[in-house]
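A short write-up of the structure that comes next.
Each value in this text was obtained by applying a stated rule to the coordinates, not by laboratory testing. The structure presented is a predicted model; accordingly, all values stated were derived computationally and were not measured. When we count neighbours, we look across all protein chains shown, and the Cβ atoms used for this are built from the backbone with ideal geometry, even at glycine.
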């Protein structure tokens with residue numbers, strides 16, 4: 001009996017069956033709808049808030065869709081859990097976040113810059129045991145506020161297909177305020193288009209928009225962006241050239257200067273009279289497939305192509321048969 005007792009004691013000492021189980025990281029993926037009756041701490045809760053979470057390993061993406069007074073605002077937060085240098089935006093302001101797991105709770109500490117003021121946030125995401133409820137607790141403190149404010153939002157799981165709400169397919173002007181150039185575009189495409197503008201110009205949203213009041217047109221760059229959009233549409237309509245912001249800007253607010261156009265490249269024998277210049281290009285010149293403007297405009301277009309490519313006309317054309325007319 002003593003031998004069996006010793007064996008049992010040895011098993012208690014060396015077998016790992018009684019070691020505490022390691023925390024299992026929960027998957028928060030899904031579509032979640034705010035339950036205002038279970039949420040606390042907000043003096044002015046939104047009319048509706050949905051969150052779509054996509055979690056794949058350490059990559060975590062939360063898309064917030066908030067509706068207030070008939071206006072929908074969408075904000076996307078992308079995180080690499082375990083990193084302290086996640087760059088995002090909130091209301092057009094740059095934000096840096098640190099994300100990590102505290103047991104089964106995802107903790108995100110963020111600092112957003114609104115001019116010379118900082119918004120400091122501590123967010124905690126916790127999934128219920130039945131995976132049907134998601135609790136989001138945030139402590140935030142802005143600038144010199146004496147103490148932080150805490151709100152607790154509780155979300156109920158929704159079917160994945162509920163994310164594509166009818167409102168997302170409505171025209172942009174019915175969902176967002178102060179829309180002109182994007183009238184008729186589905187509202188769900190507006191954040192994607194604005195993100196494209198930001199990347200192509202190499203700027204943050206606040207280059208054109210007022211932080212916290214994105215619909216305002218107070219900044220000169222807001223009006224200028226509209227004029228540039230009008231110019232692009234005029235080129236597409238009249239010159240039949242499908243240009244984009246990238247055509248000129250290529251990641252710069254002010255496009256980099258290209259090669260100078262040399263007017264002497266244009267052969268003297270191809271100079272036109274005023275009457276010829278006013279004619280459609282295809283009537284004056286042969287073998288034109290894509291140019292639908294006047295014959296006079298063809299000279300400017302060809303010289304522009306030459307300067308853009310850094311080549312003479314003979315790079316594409318046969319000498320002596322350059323532009324038979």
Discussion item. I need 130, 123 ordered by Cβ neighbour count within 10 Å, fewest first.
Written reply: 130, 123
Worksheet entry | Segment residue 174-residue 87, extension gain: residue separation times 0.36 nm, minus the distance between their alpha carbons | 28.3 nm
Worksheet item: Which of the following values of Cα Rg over 2.2 N^0.38 Å was calculated from the structure shown: (1) 1.53; (2) 0.91; (3) 0.97?
Response: (1)
Discussion item. For the chain, take the longest principal axis of its alpha carbons; what is the angle in degrees between that and the long axis of helix 220-234, to the nearest 10 within 0 to 90?
Written reply: 50 degrees
Discussion item. As I understand it, the value is the acute angle between the Cα axis of helix 190-201 and the longest principal axis of the Cα atoms of the chain; what does it come to in degrees, rounded to 10?
Written reply: 60 degrees
Worksheet item: Using mean Cβ contacts within 10 Å as the protection proxy, how do 279-285, 251-257 order, highest first?
Response: 279-285, 251-257
Worksheet item: If r is the Cβ-Cβ distance from residue 40 to residue 203 and R0 is 41 Å, what FRET efficiency results, to the nearest 0.05?
Response: 0.60
Discussion item. I want to check the label-to-label distance for residue 122 and residue 278. Put each point 7 Å from Cα in the C-beta direction and report it in nm to one decimal.
Written reply: 7.7 nm
Worksheet item: For residue 224 and residue 308 in the same chain, what is the full-extension length gain: residue separation times 0.36 nm, less their Cα-Cα distance, in nm?
Response: 27.8 nm
Practice prompt. Calculate, in nm to one decimal, what residue 24 and residue 56 gain on full extension: separation in residues at 0.36 nm each, minus their alpha carbon distance.
Written response: 10.1 nm
Worksheet item: Angle, helix 295-309 long axis vs. longest principal axis of the chain, Cα atoms, 0 to 90°, nearest 10?
Response: 50 degrees
Practice prompt. For residue 215 paired with residue 290, estimate the spin-label separation in nm (one decimal), with each label point 7 Å from Cα along the Cα-to-Cβ line.
Written response: 4.1 nm
Discussion item. I'd like the FRET efficiency for residue 78 and residue 268, computed as 1/(1 + (r/R0)^6) with the beta carbon distance as r and R0 of 56 Å, rounded to 0.05.
Written reply: 0.45
Discussion item. Roughly how far apart, in whole Å, are the Cα centres of segment 242-270 and segment 139-201?
Written reply: 37 Å
